[in-house]
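First the structure, in the form of structure tokens, and then the observations on it.
The values are calculated or read from the model by the stated rules, or taken from the named source; none is laboratory data. What you see is a predicted model, and the numbers here were worked out from it, not measured in a lab. Because the Cβ atoms are built from the backbone with ideal geometry, glycine has one as well, and the counts that use them run over all protein chains shown. The area values use the complete protein model at the heavy-atom level, side chains included, leaving out ligands, DNA and RNA. Shrake-Rupley method; radii C 1.70, N 1.55, O 1.52, S 1.80 Å.
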Amino acid sequence: MKLHSHPVLSYCYSTTPPDKEGYLYKKGELHTSYQRRWFCLRGNFLFYFERSGDREPLGIIVLEGCSVELCTSDEAFAFAVAFRRPSLRVYKMAAEDQASMEAWIKALTSASFSYLHMLVTDLAHKYEKLRCAQTDNINTMSPGIPVPSLGNKPTKNRKSLESTEPEMMKSRPRKLTPGAFGQLLVEREIEEENFLKLHQKFGEEIEELRRKWHERKRHQPIDDLINFD
């Protein structure tokens with residue numbers, strides 16, 4: 001395919017590194033012998049030049065609606081780019097060795113937009129399936145605890161009670177999102193630790209009050225309410 005379109009040539013001359021480049025042997029359309037050409041793959045465009053460093057490409061192959069497969073040829077390590085429409089030309093090429101041939105086939109197969117679209121769609125389905133599975137696991141491992149509703153009952157001192165409630169005992173509403181199960185466990189451990197500290201603090205105050213009460217009882221005289229004498 002011969003192209004002289006300015007946008008396509010600008011893409012060819014881009015300073016960004018190509019997806020793949022190197023020498024391949026290309027079979028001519030008129031002359032059936034294989035000619036050594038320099039190939040440069042950018043996106044779904046495969047440019048080919050007479051030699052490396054040339055500015056003007058000899059042609060371009062648009063890698064859409066095609067397949068890359070091995071083919072029988074007199075040349076070793078040969079493969080072909082064949083299009084679904086039978087009227088389009090089949091491009092036959094050959095690499096210099098087995099490793100180069102496999103690398104080129106892999107690069108050309110994954111260069112088309114249709115292949116990338118299929119890959120992204122498949123990844124999106126896998127992500128959605130994984131996200132739903134994680135949500136189901138979180139709901140199974142951490143079921144919600146129902147809280148009795150106050151309904152329309154009057155709560156005259158509710159505001160005052162909330163203001164005097166210890167800070168570490170105040171419950172904060174949480175919305176459990178996918179992937180937050182580990183964070184929820186950490187928060188529960190912190191709440192348990194705060195409860196233990198609060199329990200110890202109140203226990204110490206109660207023990208102090210009991211000690212003072214016993215101390216006062218020892219120094220107060222005991223008056224008999226009933227005299228048995």
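Which one of PHE49, PHE83 is within 22 Å of TYR115 (Cβ to Cβ) and at pLDDT 90 or above? Walk me through how you get there before you give the answer.
Working: PHE49 fails: within 22 Å of TYR115 (Cβ to Cβ).
Answer to the selection: PHE83.
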Quiz item: Quick check, is TYR11 open to solvent by 50 Å² or more (accessible area, probe 1.4 Å), out of contact with any helix residue (DSSP H, G or I) (no Cβ under 7 Å at 6 or more places or on another chain) and in contact (Cβ under 8 Å) with a residue 24 or more places away in the chain?
Solution: yes
Self-check item: Residues within the stretch 89-118 that are among the aliphatic types (A, V, I, L, M), without any contact (Cβ under 8 Å) to a residue 12 or more places away in the chain and either more than 17 Å from PHE39 (Cα to Cα) or surrounded by 14 or more Cβ atoms within 10 Å (Cβ to Cβ) (or both), tallied
Solution: 2
Quiz item: Right, CYS66: under 18 Å from LYS20 (Cβ atoms) and either touching a residue at least 12 places away in the same chain (Cβ under 8 Å) or of a type in the set (Val, Ile, Thr) (or both) or not?
Solution: yes
Quiz item: For the subset of the stretch 89-126 comprising residues that are outside any helix (DSSP H, G or I) and within 14 Å of ASP19 (Cα to Cα), which member is modelled with the lowest pLDDT?
Solution: SER112
Quiz item: In the stretch 56-82, what residues are open to solvent by 40 Å² or more (accessible area, probe 1.4 Å) and under 37 Å from the mean Cα position of the chain (by Cα)?
Solution: VAL62, GLU64, SER67, GLU69, LEU70
Quiz prompt | Residue under evaluation ILE138, criteria (1) open to solvent by less than 40 Å² (accessible area, probe 1.4 Å); (2) at pLDDT 85 or above, criterion not met | solution = (2)
Exercise. Among the residues of the stretch 15-36, write down those that are out of contact with any strand residue (DSSP E or B) (no Cβ under 7 Å at 6 or more places or on another chain) and at pLDDT 85 or above.
Key: THR15, THR16, PRO17, SER33
